[in-house]
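Here is the structure we will look at, set down as structure tokens.
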Amino acid sequence: MKEPDDSYHAFLVRIPTIMCGEGTCIVDLALMRALLKEDACLLPALLTPGEQNYCLKWRNPLPHIAARFAAKRALIEQMRIEEKTDITWTEIDIRSTPEGAPSLTLEKRVLDYARQAHMTSWLVSLTHARQYAGAFVAIETKRG
């Protein structure tokens, strides 16, 4: 079997996976609505253009926006990178698989941090109800 070209990937494939963090975040939709109304620049600061397009296609985009914010917040807390001021919310992108399930894509400094910490995958579940939106995030790592 041919080894992958990416040496980082090749290294991680050989090491067993363990769970290194899991977290949840719940967002009050009324508070999110007020914050978005108060600051027109908040939405582009929180969501990538693709996430904004996805959320804004819904009749009521607020629960979808809040759930994505909750997922990003839970991930940042679990990665313990809250204090790193150079990290931006848009370096975390929540996309949908062809089946419609949410998936996290990390970019730039957030991805660099994950690689340094040997984090290999991150799983996300989103939910929303009448008053709240929430997310559950699990992070796996490979350790020797």
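Go through segment 79-91 and give me each residue that's out of contact with any Ser or Thr (no Cβ under 6 Å at 6 or more places or on another chain) and open to solvent by 40 Å² or more (accessible area, probe 1.4 Å).
Matches in segment 79-91: Arg80, Glu82, Glu83, Lys84, Thr85, Asp86, Thr88, Trp89.
With respect to the numbered conditions (1) out of contact with any Asp or Glu (no Cβ under 9 Å at 6 or more places or on another chain); (2) of a type in the set (Gly, Ala, Ser); (3) assigned to a helix (DSSP H, G or I), which one is the sole condition not fulfilled by Ala66?
If we test Ala66 against (1) out of contact with any Asp or Glu (no Cβ under 9 Å at 6 or more places or on another chain); (2) of a type in the set (Gly, Ala, Ser); (3) assigned to a helix (DSSP H, G or I), just (1) comes out false.
Read through the list (1) modelled with pLDDT of 95 or more; (2) under 17 Å from Glu22 (Cα atoms), then give the number of the only condition that Leu75 fails.
Unmet for Leu75, out of (1) modelled with pLDDT of 95 or more; (2) under 17 Å from Glu22 (Cα atoms): (1).
Output the qualifying pairs, or none if there are none: Cβ atoms under 9 angstrom, residues six or more apart or on different chains, first residue in segment 35-60 and under 18 Å from Glu107 (Cα atoms), second residue surrounded by fewer than 10 Cβ atoms within 10 Å (Cβ to Cβ) and at pLDDT 95 or above.
If the second residue must be surrounded by fewer than 10 Cβ atoms within 10 Å (Cβ to Cβ) and at pLDDT 95 or above, no pairs are left.
Would you check if Ile94 is within 23 Å of Met32 (Cα to Cα) and either open to solvent by 60 Å² or more (accessible area, probe 1.4 Å) or part of a strand (DSSP E or B) (or both)?
Here the answer is yes, as Ile94 does meet what is asked.
Go through the residues of segment 17-33 one by one and say whether even a single one is among the hydroxyl-bearing types (Ser, Thr, Tyr), at pLDDT below 95 and out of contact with any Cys (no Cβ under 8 Å at 6 or more places or on another chain).
Yes.
Report whether or not Arg33 is farther than 17 Å from Trp122 by Cβ, assigned to a helix (DSSP H, G or I) and over 13 Å from the mean Cα position of the chain (by Cα).
Here the answer is yes, as Arg33 does meet what is asked.
Among the residues of segment 109-144 satisfying the criterion of being more than 16 Å from the chain's Cα centre (by Cα) and charged (D, E, K, R), which is surrounded by the most Cβ atoms within 10 Å (Cβ to Cβ)?
Lys142
In segment 100-122, how many are over 23 Å from Ala45 (Cβ atoms) and modelled with pLDDT of 90 or more?
Of the residues in segment 100-122, 1 are over 23 Å from Ala45 (Cβ atoms) and modelled with pLDDT of 90 or more.
Of the numbered conditions (1) of a type in the set (Val, Ile, Thr); (2) without any contact (Cβ under 8 Å) to a residue 60 or more places away in the chain; (3) assigned to a strand (DSSP E or B); (4) out of contact with any Asp or Glu (no Cβ under 8 Å at 6 or more places or on another chain), Thr105 satisfies every one except a single condition; which is it?
Failed condition: (4).
The values are calculated or read from the model by the stated rules, or taken from the named source; none is laboratory data. Note that the coordinates shown come from a computational prediction; the quantities given were computed from them, not determined experimentally. Neighbour counts run over all protein chains shown; Cβ positions are idealised from the backbone, glycine included. All accessible areas refer to the heavy atoms of the entire protein, side chains included, with ligands and DNA or RNA removed. Shrake-Rupley method; radii C 1.70, N 1.55, O 1.52, S 1.80 Å.
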